[in-house]
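A short write-up of the structure that comes next.
The values are calculated or read from the model by the stated rules, or taken from the named source; none is laboratory data. None of the values given here were measured: they were computed from a predicted structure. Cβ coordinates were reconstructed from backbone atoms using ideal geometry, including for glycine residues, and neighbour counts include every protein chain displayed.
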Amino acid sequence: MSARAAGGGQPAATRLTAERRAQITEAAGELFGRRGYHAATMRDIALRVGVSPGLIYNYVEDKEELLLLVLDSLLDAYASSIPAALAGLRDPLARFAAAVDTYCRIVAERPEATLLAYQESRSLRRSLREHIKRREVETNALIADCISDGIAQGLFRPVDAELTAYRVVMMAHGWALKTWRLAGRMTIDDYIADSLEMLLGALLTPLGAQRRAEAAR
């Protein structure tokens with residue numbers, strides 16, 4: 001079997017380059033989160049991955065590109081995982097719950113990248129910051145669309161869907177921002193369940209509450 005066939009049509013060299021870039025991105029996210037973007041060096045990242053400091057520049061141009069890759073990889077996770085979680089779900093309440101659950105779990109799995117988005121996105125040049133902002137709006141829209149569907153079917157109150165989606169996102173980010181306290185009090189499962197209870201309590205109409213009660217039977 002050829003290298004191209006083994007990779008599903010992707011040349012082996014291209015596949016290996018992508019894998020190495022992913023390893024470098026993961027290491028950068030961990031080191032940026034632990035030491036800070038400005039304190040972590042390209043040499044630190046190269047040694048963490050197990051390549052020579054000079055070789056790392058075959059995969060990325062500079063540290064700014066690495067920061068962009070870390071933030072983009074987090075947004076990629078939202079953009080792919082949330083639609084996958086919603087696939088096959090038709091009920092707006094189930095879709096909203098799945099979107100919130102998925103978003104929260106990604107935050108819990110990628111706390112360093114979540115914190116970097118708050119702390120270091122300003123270190124990117126303006127054009128790259130705008131790119132990250134556009135992608136954030138797109139991924140948040142996945143949650144806003146679930147809210148809009150619930151409103152359209154009379155299950156949610158007529159709230160501002162985008163604003164409410166941002167409140168959901170801020171709640172999810174709270175796990176990464178305050179893990180030092182929250183993780184000692186509850187599991188991520190408990191945090192998601194408690195947050196959903198609060199969100200649905202604020203959003204549900206009488207019809208929505210009835211629908212939820214029926215689904216729980």
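Here are a few things to note about the model shown:
- Applying a threshold of 7 Å to beta carbon distances and a minimum spacing of six or more residues, or different chains, the list of pairs starting in the range 67-83 at a residue that is assigned to a helix (DSSP H, G or I) and ending at one that is among the acidic types (D, E) and modelled with pLDDT under 95 reads L67/E120.
- Boolean, A99 is crowded, with 18+ Cβ neighbours inside 10 Å, at pLDDT below 95 and among the small types (G, A, S): no
- The criterion of at least 1 residues that are in contact with an Asp or Glu (Cβ under 8 Å, 6 or more places away or on another chain) and either in contact (Cβ under 8 Å) with a residue 12 or more places away in the chain or small (G, A, S) (or both) is met, among helices (runs of 4 or more DSSP H) falling completely within the range 112-217, by 126-152, 161-177, 188-203, 206-216.
- The sole residue among R122, R157, R185 that is under 30 Å from R34 (Cα atoms), of a type outside the set (S, T, N, Q) and modelled with pLDDT of 95 or more is R185.
- Within the range 84-95, the set of residues being assigned to a helix (DSSP H, G or I) and in contact (Cβ under 8 Å) with a residue 60 or more places away in the chain comprises L86, P92, L93, A94.
- Exactly one residue out of G33, G7, G29 is small (G, A, S), within 14 Å of the chain's Cα centre (by Cα), on the phi < 0 side of the Ramachandran plot and at pLDDT below 95: that is G29.
- Condition check for L47: part of a helix (DSSP H, G or I), buried (at least 17 other Cβ atoms within 10 Å of the Cβ) and at negative phi: no
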